[in-house]
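Chemist: Here's a structure for you.
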Amino acid sequence: MPARLIINADDFGLTRGINRAVLELHQAGALTSTSLMANSPAFDDAVNLALANPTLGVGCHIVLTDGTPLSHPQQIPTLLGADGKNFRPSLIDFLLAVLRGKVSEDEIAIEALAQIQRLQRAGIDVTHIDTHKHTHILPGVARPLLYVCERTGVGAIRNPFEEPWSLALGHSDPMRRLQIRLVHPLRKRFEALSAIRDKRILTTNGTIGISATGRLDTPMLNALLAAMPDGLWELVTHPGYNDRELDAVRTRLRVTREIERNALLQAFAPNTSQPDSLHPNLHPIRPELINYGSLGTMGRLRELGQHQANTGHERIL
């Protein structure tokens, strides 16, 4: 049985240039899924594109750090930074606060619900969730997110852990490789969470390319695809256009977004000029490309046209 691969673009909605890249890649057959940020500058543009392209799986990119919440500050005080209005700008500060028990899981659930329901109220059938900067590596974050997934009809969550074979090919700097290795023991705790263990919320065997973020070019992508074993995997990407809108937002990924966009087109688009020896379309073990909406019972119902997505107006908490 060939490998199955979800090709997901994070940061949908951050700029119109990122939205345009997501649409172009999906229409070229080089992207199957994306993660929409609920409180992003180009949210409305992203929603319009998603609704016009129903074969694109759309998840919710839950933001709990380095951004502005949707909930009223009085509802989520333990999620906020020193200004009392925005999330903590530092990922490390957020993770340490969670580990020290200073972040309320109930407040994570409140904010996650607000973000998911904003997508659903816009007409998006949310296929999965993931998190900005992979904060759900910690059980104290993953647990309330899974709780909200079950209650909002979201059937899948990103597995935030990278496989050793993918990490070895990512060519990230030594500090990033060390960080990824240090959090790897948390994987057993993630997989032991009841919603994951009992398959009430589905996930993949692992995520490819986390360590390659900001460095994912054509040779690296081809190496990752060539090494990918059987199983269900997600390739996490950050394509886009490096334009004036991107200059106006806070992100470390700028020029690299165009490099990733080009790498995906060369690897998967059928009209590429890439040499046949490197083209996965002509490889005998080319993975089956799917999105999170294809998984499990919900996936079968979607295929039959019988899935009723939540409207975002359901009373949950």
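Taken together, the values in this text are just the output of simple stated rules run on the coordinates, not laboratory data. Here the structure is a predicted model, which means the values were calculated and not measured. Glycine gets a Cβ as well: all are built from the backbone with ideal geometry, and neighbour counts include every protein chain shown.
Chemist: Taking amide hydrogens as modeled 1.01 Å from N in the peptide plane, which residues meet the under 5 Å criterion relative to I7, leaving out close sequence neighbours?
Modeler: T32, S33, L235, I290
Chemist: Dipole size in debye (nearest 20) for region 4-304 around its Cα centre, Lys and Arg Cβ +1, Asp and Glu Cβ -1?
Modeler: Computed about the Cα centre, the dipole is about 600 debye.
Chemist: How charged is the neighbourhood of S33? Take every other residue with its Cβ under 14 Å from the Cβ of S33, and add Lys/Arg as +1 and Asp/Glu as -1. Present the calculation step by step, with values, prior to reporting the outcome.
Modeler: Values: positive: R4, R158, R302; negative: D10, D11, D125, D130, E234, E288.
Value of the local net charge: -3.
Chemist: So, one more: Would you mind ranking D106, D45, D198 so that the residue whose beta carbon has the fewest other beta carbons within 10 Å leads the list? Mind showing how you got there, number by number?
Modeler: Details: D106 13, D45 18, D198 8.
Sorted ascending by nearby Cβ count, the order is D198, D106, D45.
Chemist: Would you work out which of T218, L31, F87 lies farthest towards the positive end of the dipole of region 4-304? Charges go on Cβ: Lys and Arg +1, Asp and Glu -1.
Modeler: F87
Chemist: Just to be sure I understand: of the beta bridges DSSP finds with both ends in region 4-304, what percent are antiparallel, rounded to 5?
Modeler: Working: 1 of 27 bridges.
The antiparallel proportion sits near 5 percent.
Chemist: Compare I196, I62, I157 in a GNM of the chain, Cα atoms joined below 10 Å, and give the one with the largest fluctuation.
Modeler: Sorting by GNM fluctuation, first place goes to I196.
Chemist: Once each part is reduced to its C-alpha centroid, what is the distance from region 91-149 to region 203-242 in angstrom?
Modeler: Cα centres, region 91-149 to region 203-242: 23 Å.
Chemist: Okay, next question. Can you sort E260, E111 by how many other beta carbons sit within 10 Å, fewest first?
Modeler: Working: E260 27, E111 23.
Result, fewest neighbours first: E111, E260.
Chemist: Provide the net charge surrounding F87, with neighbours chosen by a C-beta distance below 15 Å and charges set as Lys +1, Arg +1, Asp -1, Glu -1. Mind showing how you got there, number by number?
Modeler: Numbers: positive: K85, R88, K102, K133, R250; negative: D66, D83, D93, E107, E111.
Net local charge, F87 excluded: 0.
Chemist: Same structure again: List every residue whose amide H lies under 5 Å from the amide H of G59, counting only residues 5 or more places away in sequence or on a different chain, with H placed 1.01 Å from N in the peptide plane.
Modeler: T34, S35, L36, T127, H128
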